[in-house]
Every structure is written in C-alpha cells, then in structure tokens.
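The values are calculated or read from the model by the stated rules, or taken from the named source; none is laboratory data. Because the structure is a prediction, the values reported are computed rather than measured. Virtual Cβ from ideal backbone geometry, glycine too; neighbours counted across all protein chains shown. Each accessible area value is taken on the protein alone, full model and side chains, heavy atoms only, with ligands, DNA and RNA left out. Shrake-Rupley method; radii C 1.70, N 1.55, O 1.52, S 1.80 Å.
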Amino acid sequence: MSNQQQNGQIVLISLLVLSIATTIALSLIGRSTTDVAISNQITESTRAFSAAEAGIEEALKSGVGTSGAQVLTAGVSYTVAKADIGGAAGAYVFPKKVSRGVTETLWLVNHNPDGSLSETPTYTAAGIDVCWSGESTTPAMSVSIFYKTAGGSYRVARGSYDPDSTRALTNNFSAVTATTGGCGAGTGTTYKQTISFAGFSPAIVPATDTILMMRLAPVYADTNLAVSATSALPLQGSKLESTGISGTGITRKIVVYQQYRSPPSVFDSVIYSQGSFGH
C-alpha cells in the first residue's frame with residue numbers, strides 16, 4: 001500500500017473520530033444546558049410554591065385575603081383570594097371525596113362571628129336532597145339530623161338509605177328516591193335521597209324547630225357527596241386560594257377549604273342526654 005493511500009485512510013479515520021467526538025461533546029453540552037434549565041425551573045417552582053404556602057399561612061391567621069400582590073422577596077410574591085362556600089340555594093358539593101365511615105357535616109343554622117351557633121331557625125325549607133356518587137362498590141348513606149324543638153329540647157332524627165335493593169333486604173335500609181341523575185350535572189353524583197323533615201316521627205317543623213345540622217356518613221364505600229337545597233343554605237365556611245409567583249413568572253396555586261368545626265365521627269355513636277355528664 002502506498003504512503004498516499006495510507007495518508008488518505010488516516011485522514012478518513014481522523015475525520016470519523018472527530019465527528020464522533022464532536023457529536024458526543026455537543027450531546028453533553030446540550031444535556032448540561034437542559035439539566036441547568038430544569039434545575040432553574042425546579043428552583044423557581046419551589047419559590048412559587050413556598051410563596052403560595054406563605055400566603056395560605058397568612059390568610060389562615062388573618063382570616064382575610066389580600067387586596068393585591070404581597071411581595072416576599074425581590075420578584076417573588078403571592079395573592080390570596082377568599083370566597084364563601086355555601087350560602088346559596090341549589091347544589092352544594094362537598095370539597096373532597098368522603099371515606100366510608102367518616103362523617104361530614106352540613107350546617108343548617110348560621111354561625112356567629114365568634115364561631116358559635118345562632119340556634120334560631122335558618123334553613124326553613126320543607127326538605128333537602130342528599131346525593132352521592134356511584135362507585136365500584138355501591139355506597140349507602142346514613143343521615144342524622146340534629147335539631148332543637150320549639151320547646152327547647154335537643155333531638156336527633158336518623159335515616160339510612162341504600163340504592164342496592166338486594167343488600168337492603170338484609171340491612172333494613174330504606175330505598176333511595178332516585179338511582180340516576182343525583183343532584184344534577186356537575187355534581188358528580190348518581191343517587192338521590194329526598195329528605196322530608198315532616199316524614200320523621202315526630203315530625204320536624206322547620207319554621208319553629210331549629211335544624212342545627214345534618215350529619216352524612218357513607219356506608220360500604222367512599223363516595224362524593226352533594227346536597228340540593230330549595231332555599232339558601234347557611235354558610236359552610238370559606239375557600240382560600242393562594243397563588244405564588246416566582247421572579248421568572250412561574251406560578252403555583254394552593255387551595256384550602258376552611259369549614260366550620262364539627263364534632264368527630266364518634267359523636268354519632270355516643271349515647272348522650274341534655275343532662276350533664278355527672279348525672
């Protein structure tokens with residue numbers, strides 16, 4: 001083989017090695033650039049999330065939203081919007097899915113500014129619809145209504161409702177009012193039970209009896225809950241929505257539902273009377 005041919009092969013091999021090296025170098029540079037960009041984005045995202053958390057903490061302490069953007073550090077700020085939940089007629093959807101055996105409270109009287117109950121008739125409609133979602137295991141619903149009679153006695157009325165007609169033969173739950181449609185589009189519910197206050201024994205008279213609260217507990221499965229009210233519901237609490245903004249414009253949002261305090265689930269299984277615990 002001549003020197004000229006050998007030199008040509010060396011040049012080709014050199015070009016090939018150089019091309020491979022260049023490709024690897026460009027790949028490493030590109031990857032490094034991407035890693036830096038991702039790292040910066042994560043950092044800015046963390047700053048925005050931390051700002052949103054700071055906004056929630058401040059709103060929980062002050063009880064109000066912000067009138068504008070609140071600056072934490074240069075370029076990092078948050079805004080908090082506060083809105084009432086409940087307080088209107090129509091469908092009210094509970095904020096989160098309710099686990100079986102866990103009790104949710106629907107307040108049917110107003111709360112005073114200090115958080116205590118008004119205990120004067122507030123929700124005076126003849127009834128209310130309770131709705132829940134269909135799941136792989138059909139949920140049933142246990143309903144307890146706590147009220148104060150016109151004579152000043154505290155009482156509770158209870159009902160249990162099961163869409164599964166076969167299962168209801170053994171658990172003695174009542175059939176539901178409807179097995180389709182729930183409380184309407186947008187509520188994510190399938191089953192509906194119309195609660196008529198006059199249907200309990202003794203009958204509840206909303207105009208004179210003070211209906212304090214309705215306690216709802218899913219049985220057999222977790223479910224989404226909603227109610228449909230024919231008149232305005234009392235307020236159920238507030239919704240805090242905090243948006244944090246980083247210096248590069250990345251936003252992160254945190255939503256917190258601050259509902260009025262209610263008794264724990266064990267409250268519904270306790271035997272109690274109007275007398276003191278010492279009696």
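Tabulated data for the structure shown
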read-out: Quotient of Cα Rg and 2.2 N^0.38 Å for region 50-203, N being how many residues it contains; value: 1.37
read-out: Calculated FRET value between E57 and T248, using beta carbons and R₀ = 35 Å, to 0.05; value: 0.90
read-out: Local electrostatic count at P234 - Lys and Arg +1, Asp and Glu -1, tallied over other residues with Cβ under 14 Å; value: -2
read-out: Cut-off of 10 Å, at most 13 other beta carbons, DSSP loop: longest stretch of the chain lacking such chymotrypsin sites (Phe, Trp or Tyr not before Pro); value: 1-271
read-out: Karplus-derived HN-Hα couplings along region 186-198 (A = 6.51, B = -1.76, C = 1.60, θ = phi - 60°), whole Hz, x at Gly and Pro; value: x, 9, x, 10, 10, 9, 9, 10, 7, 8, 9, 5, 6
read-out: Phi to ³J(HN,Hα) by Karplus 6.51 cos²θ - 1.76 cosθ + 1.60 over region 153-161, Hz, x for Gly, Pro; value: 8, 9, 9, 9, 10, 10, x, 10, 9
read-out: Percent accessible area from carbon and sulfur atoms, the chain, protein chains only, probe 1.4 Å; value: 55 percent
read-out: Cβ-derived FRET efficiency at R0 30 Å, R261 paired with A198, nearest 0.05; value: 0.50
read-out: Accessible area per residue in Å² at 1.4 Å probe, computed on the chain; value: 56 Å²
read-out: Amide H contacts under 5 Å for L225, placed H, 5+ residues apart; value: F94, V98
read-out: q = 0.07, 0.11, 0.14 Å⁻¹, the chain: log10 I(q)/I(0) [Debye, one scatterer per Cα]; value: -0.43, -0.78, -1.05
read-out: Reach of K239 by Cα under 25 Å, taken over lysines that are not fewer than 8 positions away in the same chain; value: K61, K82, K96, K97, K253
read-out: Cα centroid separation - region 122-161 against region 200-233, whole Å; value: 3 Å
read-out: DSSP-assigned coil residues among trypsin sites (Lys or Arg not before Pro) in region 77-143, each with at most 16 further Cβ atoms within 10 Å; value: K96, K97, R100
read-out: Modelled FRET efficiency - R0 22 Å, T124 with Y154, Cβ distances, 0.05 increments; value: 0.75
read-out: Computed over region 128-279, Cα set: Rg, Dmax in Å; value: 19.1, 65
read-out: Electrostatic dipole magnitude of the chain [Cβ: Lys, Arg +1; Asp, Glu -1; Cα centre; debye, to 20]; value: 100 debye
read-out: Principal axis dimensions, region 205-256 - Cα atoms, whole angstrom, descending; value: 59, 32, 17
